[in-house]
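Sharing a structure with you now.
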Amino acid sequence: MRILFINNSGTGYADYLDIAEGTTVEQFFKIKMPNQNEADHLIRVNRQPVAKDYVLQDGDRVTITPQKIEGAQTTNTEIVCVTR
């Protein structure tokens, strides 16, 4: 079965992949993102969030995006409103 995989973890490539029938999103993540934590990524199928036990279907579009880009720093921004 064939799916489109979009990896947004720095490389941002998209590629068609052949995967086994019955592959779940959780299994696919573990294969494509070894040693990564699922909780650190937004995982979407056909632009929608899905449960980890969702079984991928032929033609699905899988997107994996890290929630924090390595090296990015958070900033504390203060907004001040002045009224007269």
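The values are calculated or read from the model by the stated rules, or taken from the named source; none is laboratory data. Every value quoted in this text rests on a predicted model; they were computed, and no experiment measured them. We place every Cβ from the backbone using ideal geometry, glycine too, and count neighbours over all the protein chains shown.
When you check Q73 against the structure, is it loosely packed, with under 10 Cβ neighbours inside 10 Å, of a type outside the set (D, E), at pLDDT below 90 and within 13 Å of the chain's Cα centre (by Cα), yes or no?
no
Given the residues I3, I64, which is the only one that is touching a Phe, Trp or Tyr at 6+ places or on another chain (Cβ under 9 Å), among the β-branched types (V, I, T), modelled with pLDDT of 95 or more and at negative phi?
The conditions single out I3.
Pick out, from the stretch 1-54, the strands (runs of 3 or more DSSP E) lying fully within it that include 1 or more residues that are within 21 Å of Q67 (Cβ to Cβ) and aromatic (F, W, Y).
2-7
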